[in-house]
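These notes are about the structure you will find just below.
The values are calculated or read from the model by the stated rules, or taken from the named source; none is laboratory data. It should be emphasised that the depicted structure is a prediction, and the values quoted were computed from it without experimental measurement. Please note: Cβ atoms are built from the backbone with ideal geometry, for glycine as well, and neighbour counts cover all protein chains shown.
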Amino acid sequence: MDYKFGEPNIIAIISFILVVIFTMIIVWFASRKQQQSANNYYTAGGGITGFQNGLALAGDYMSAASFLGISGLVALKGYDGMIYAVGWLVGWPALMFLIAEPLRNLGKYSFADVVAYRLKQGPIRTASAISGLMVLVCYTTAQMVGSGKLIELLFGIPYIWAEIIVGVVMLIYVVLGGMLATTWVQIIKACLLLFGVTLLTLLTLAKFGFNPGNLYGAVQTKYGVEMLNPGGLVKGPVEALSLGLALMLGLLGLPHILMRFFTVPNAKEARKSVVYATTFIGYFYLIIPIVGFGAAVLVGKAAITSIGKGGNMAAPMLALLLGGTPFLGFIAAVAFATILAVVAGLTLAASAALANDLYVSTFKKGNVTEEGRLKAARVATIIYGLTSILLGIAFQKQNVAFMVALAFSIAASANFPSLFLSIVWKKLSTTGAVLSILAGGLTATILIILSPTVWVDLLHNPAPIFPYKFPTIVSLPIAFLAAWFGSKIAPDKNAEKIFEEQKIRTYLGVGISEASDH
């Protein structure tokens, strides 16, 4: 391996430029093809098919944390790294059976539309936008820091310039092309990522006679049987359950994933898109541990941690070992496309929260022209895009693992309970929903600060106040209790009346064409 990380990799730079040019052409076509309206900007006019949306969902979900993070975790921690792969996958069937169809039938641009369907618009949209933005900011910061580090390592350019490049390219995608361009960028990125990881897996297995058993045998020989047993990352069943709840139910509260269900024409296509997404994501998470274990054996833990303690460069280092600098260049370009596509999706969801939920619906009470809605959407996108660049620069030196933990914990504790209860529980009131969002979000945030991830690792205190890395086992029940308590002390008879009408629309899709503005 003559190439050293931190030196400019010409093939990576050329691959990166080709990816950017190719996706910019798509943005140009998308901006010409779609009519200028807020509906097209946020949902691509509802014209995406189930298969296309399934691929785009997979592209949105298979983030840098999935590709670089899980392979690194498996390489360093062994078996327990696979918990993340399984946890992130099992949320998809729950999404299909609980959320996908009602979401498509009730919503317009964001999950706040569903919660606010029969409740008071102002308080619900404000609370939903705040919790949604907290999730998106945490998730975006983690992605931006990852992208900055990756480009800094492979291009040999300063970190700040790396952040600015990512932010500017992403803003061009979203501002000019909206959801249509973002969808196609996500589809292309999903295909590139699936192809790249498949190739990396085959090259790894080729070293072990295409027999995974030989690979696991080599892991055991080199590091002992502990690498193949649970306990390296998660200590005890309570922590495992808390982590599992966060990963599984966090998916059901991620605004940028839920937003994708408004891009398909009907609930049938929404269900189809989840089936396709689950297939692609399931395949990806099935093979990514092989990449991690392959890196542990072939590259070695010491070499991986010498580049970065988190192990995020395990997959690129394995690519360099197995395919030389050309393959490293390709994998780096894929990782970069992965980050761009995910950040573009996050930015669109943040724009919907800022422009649609706060500005148009709450402050202006819906009294905004179509032109005004589109302008608000684009201004919100630029504000959030610039903020994400600054956050990426500010958190450069921090280990941002807690950001992903916090994003999933808030999504599971604040967004999921109110969304789920608004669909299934007749007696949910505005007070109950707002209390649920605030109690879940605040509890999750406070407990993450008191957890080992922040209290010990970041603030260097000797022992954590809250013992578990993920707070979901406490914050999720609190959110449900807050919803029940708020609905008991301040019932909403009007909301209960509308529930019967909502139920027909939820499960049969009756009344969607009227584009109801409840």
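Of note:
- Within segment 167-188, none of the residues are among the aromatic types (Phe, Trp, Tyr), modelled with pLDDT of 85 or more and either outside any helix (DSSP H, G or I) or surrounded by fewer than 24 Cβ atoms within 10 Å (Cβ to Cβ) (or both).
- One residue alone among ARG118, ARG125 is at pLDDT 85 or above, not acidic (Asp, Glu) and not in a helix (DSSP H, G or I), and that residue is ARG118.
- Enumeration of residues in segment 119-131 that are in contact with a Leu (Cβ under 9 Å, 6 or more places away or on another chain) and crowded, with 23+ Cβ neighbours inside 10 Å: LEU119, ARG125, ALA127, SER128, ALA129, SER131
- Hey, PHE499 assigned to a helix (DSSP H, G or I), more than 20 Å from MET134 (Cβ to Cβ) and among the aromatic types (Phe, Trp, Tyr) or not: yes
- Tabulated pairs, segment 349-373, first within 18 Å of ASN40 (Cα to Cα), second in a loop (DSSP other than H, G, I, E, B) and hydrophobic (A, V, I, L, M, F, W, C), C-beta under 6 angstrom, 6+ apart or interchain: VAL360/VAL368
- Here LEU106, LEU136, LEU153, LEU171 are screened, and the one residue that is closer than 18 Å to TYR61 by Cβ, in contact (Cβ under 8 Å) with a residue 60 or more places away in the chain and of a type outside the set (Ser, Thr, Tyr) is LEU136.
- Criterion (under 30 Å from GLY45 (Cα atoms), out of contact with any Ser or Thr (no Cβ under 6 Å at 6 or more places or on another chain) and not aliphatic (A, V, I, L, M)) met by exactly one of SER451, SER422, SER418: SER422
- Residues of segment 197-217 that are within 19 Å of THR278 (Cα to Cα) and either crowded, with 19+ Cβ neighbours inside 10 Å or aromatic (Phe, Trp, Tyr) (or both): VAL197 alone.
- Screening the candidates GLY69, GLY54 for the property of being small (Gly, Ala, Ser) and either more than 21 Å from ILE187 (Cβ to Cβ) or touching a Leu at 6+ places or on another chain (Cβ under 8 Å) (or both) yields one hit, GLY69.
- For ILE48: the one exception among (1) in a helix (DSSP H, G or I); (2) closer than 19 Å to LEU346 by Cβ; (3) hydrophobic (A, V, I, L, M, F, W, C): (1)
- All of LEU447, LEU421, LEU438, LEU428 fail the test of being at pLDDT 90 or above, at negative phi and not in a helix (DSSP H, G or I), apart from LEU428.
- Residue match in segment 282-289 (condition: within 30 Å of SER110 (Cα to Cα), among the hydrophobic types (A, V, I, L, M, F, W, C), within 25 Å of the chain's Cα centre (by Cα) and at pLDDT 90 or above): yes
- Candidates LYS497, LYS493, LYS488 - the one that is out of contact with any Pro (no Cβ under 6 Å at 6 or more places or on another chain), modelled with pLDDT of 85 or more, of a type in the set (D, E, K, R) and closer than 30 Å to LEU447 by Cα: LYS488
- The condition of being under 20 Å from SER409 (Cβ atoms) and buried (at least 24 other Cβ atoms within 10 Å of the Cβ) holds for only one of LEU103, LEU89, LEU73, that being LEU73.
- Segment 34-56 - residue that is out of contact with any Ser or Thr (no Cβ under 6 Å at 6 or more places or on another chain) and buried (at least 24 other Cβ atoms within 10 Å of the Cβ) and, of those, nearest to LEU176 (Cα to Cα): TYR41
- Within segment 457-467, considering residues that are within 21 Å of GLN396 (Cβ to Cβ) and either among the aliphatic types (A, V, I, L, M) or touching a residue at least 40 places away in the same chain (Cβ under 8 Å) (or both), the one surrounded by the most Cβ atoms within 10 Å (Cβ to Cβ): ASP457
- Residue match in segment 436-449 (condition: under 25 Å from TYR359 (Cβ atoms), of a type in the set (Ser, Thr, Tyr), in contact (Cβ under 8 Å) with a residue 60 or more places away in the chain and surrounded by fewer than 24 Cβ atoms within 10 Å (Cβ to Cβ)): yes
- Yes/no for VAL234 being buried (at least 20 other Cβ atoms within 10 Å of the Cβ), within 30 Å of ILE26 (Cα to Cα) and aliphatic (A, V, I, L, M): no
- Tally, over segment 209-225, of residues that are in contact (Cβ under 8 Å) with a residue 40 or more places away in the chain and more than 12 Å from ALA296 (Cβ to Cβ): 1
- Which listed residue is in contact with a Pro (Cβ under 7 Å, 6 or more places away or on another chain) and either of a type outside the set (Val, Ile, Thr) or surrounded by 20 or more Cβ atoms within 10 Å (Cβ to Cβ) (or both), from ILE257, ILE290: ILE290
- Test result for LEU374, surrounded by 19 or more Cβ atoms within 10 Å (Cβ to Cβ), at negative phi and in contact with a Leu (Cβ under 7 Å, 6 or more places away or on another chain): no
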